[in-house]
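Just below is one structure, and these are the notes that go with it.
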Amino acid sequence: MNGTERICAAIRRETPDRIPTFEWFIDGSVGKALTGFEDPLEVVECLDLDGINIRPDYSKHFIDAQVFEDEWGARRQLTGDSIPAVIAHPLADLTRHQEFSFPDPRADHRFATLRRAVERFGVRRAVVFNVRDGFSDLRDLLGYEEALMAPLAEPEACAGFLDRIVTYNLALAEHAVRTFGVRIIATTDDVAMATGPLFHPDVYRERILPSFRRAIRGFKALGCLVVKHCDGNVLPLLADWIEAGIDCLDPIDPGSGLTMAAMKAAYGGRIALKGNIDCVNTLCTGTPDEVRDAVRRCITDGGPAGLIVSSSNTIHRGVKPENYRAMLEALRTYGTLETTHQPT
């Protein structure tokens, strides 16, 4: 099987020839330490990962060496890690959101990295297109505190703006599918923390879930498999996400007390699971042997069908390169069709 076949099989809760892996991001310093390259495509090739996560491209106007403004009008500051921090938000008044113009979702440069990945990997590796399902765009454009208050303070305006956001992300996904043959969509909107959702579940279901449901069902209507990412304790919302149509959940967050064994027992018959090698503790401060043990437990608890092994979020700058290498080596040792069917 090739990488695309492995990841698609896992998302469909089937058993591939070996348990696949891909990451949302691999920090350039970690990639360079392991491969000599910082370019994500080179890193994925050298490490022989089964897939790569690609986000849309947005042009940047640098204000100074650390701060830039993107096409949305959001100002972001480089952090030294994969994701810059939003420090200024372009939408001051949610009730006037119709005056706010979105970037062109089909602009040619929006898909430059996606095009490069598809041309390089073909179907040898899964090219996962990473868009959003609502809240993260609301947060970045309006501000975190304002986005948390918006469903309660301005419910009609919030619903209208979320509808525009979903329409935009569906347009991105449609272009990626029609033009580049994308088969897997990932959404990386975080709406939970370690103790539970950012919103009361009733508020979420009434004010946020309709737009989420529309997004997921739109991705599915394009023929895509859908991976939903959200850190934290998502259990109060998970049944709604499954009903909306997600195929896979990431990352089974160990920091919120979720375990692969419990999640597999409760939800493994309905969705695939991705994760959950701890990138806060084990991959940062553990030993290679501890990483190998974590991978073995993850496979035992979550596999062999319907499992993608990865970090519990990203391979960020704090991850020890030798630990990520140990993770991949352990996956190749314990994650083959033969080893996953051996009695323990």
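Kindly indicate which of Thr167, Thr188 is modelled with pLDDT of 95 or more and of a type in the set (S, T, N, Q).
Thr167
Quick check on Asp190: is it surrounded by fewer than 17 Cβ atoms within 10 Å (Cβ to Cβ) and in a loop (DSSP other than H, G, I, E, B)? Taking the combined requirement at face value, the residue satisfies it. In this entry, Val86 passes the filter for residues that are surrounded by 13 or more Cβ atoms within 10 Å (Cβ to Cβ) and under 19 Å from the mean Cα position of the chain (by Cα). For the range 245-256, indicate whether the set of residues that are assigned to a loop (DSSP other than H, G, I, E, B), at negative phi and surrounded by fewer than 18 Cβ atoms within 10 Å (Cβ to Cβ) is non-empty. Within the range 245-256, none of the residues are assigned to a loop (DSSP other than H, G, I, E, B), at negative phi and surrounded by fewer than 18 Cβ atoms within 10 Å (Cβ to Cβ).
Candidates in the range 30-74 are the residues that are of a type in the set (Ser, Thr, Tyr) and surrounded by fewer than 17 Cβ atoms within 10 Å (Cβ to Cβ); of these, the one that is nearest to Arg110 (Cα to Cα) is Tyr58.
Picking from residues in the range 258-286 that are among the small types (Gly, Ala, Ser) and modelled with pLDDT of 95 or more, the one that is farthest from Ser312 (Cα to Cα) is Gly269. Does Val166 qualify as being surrounded by fewer than 19 Cβ atoms within 10 Å (Cβ to Cβ), β-branched (Val, Ile, Thr) and assigned to a helix (DSSP H, G or I)? Considered against the rule, which asks whether it is surrounded by fewer than 19 Cβ atoms within 10 Å (Cβ to Cβ), β-branched (Val, Ile, Thr) and assigned to a helix (DSSP H, G or I), Val166 comes out as no.
Within the range 78-108, being over 27 Å from Thr314 (Cα atoms), in contact (Cβ under 8 Å) with a residue 24 or more places away in the chain and among the aliphatic types (A, V, I, L, M) holds for Leu91, Leu94.
The values are calculated or read from the model by the stated rules, or taken from the named source; none is laboratory data. Here the structure is a predicted model, which means the values were calculated and not measured. Using ideal geometry, Cβ is built from the backbone for each residue, glycine included, and neighbour counts are taken over all protein chains shown.
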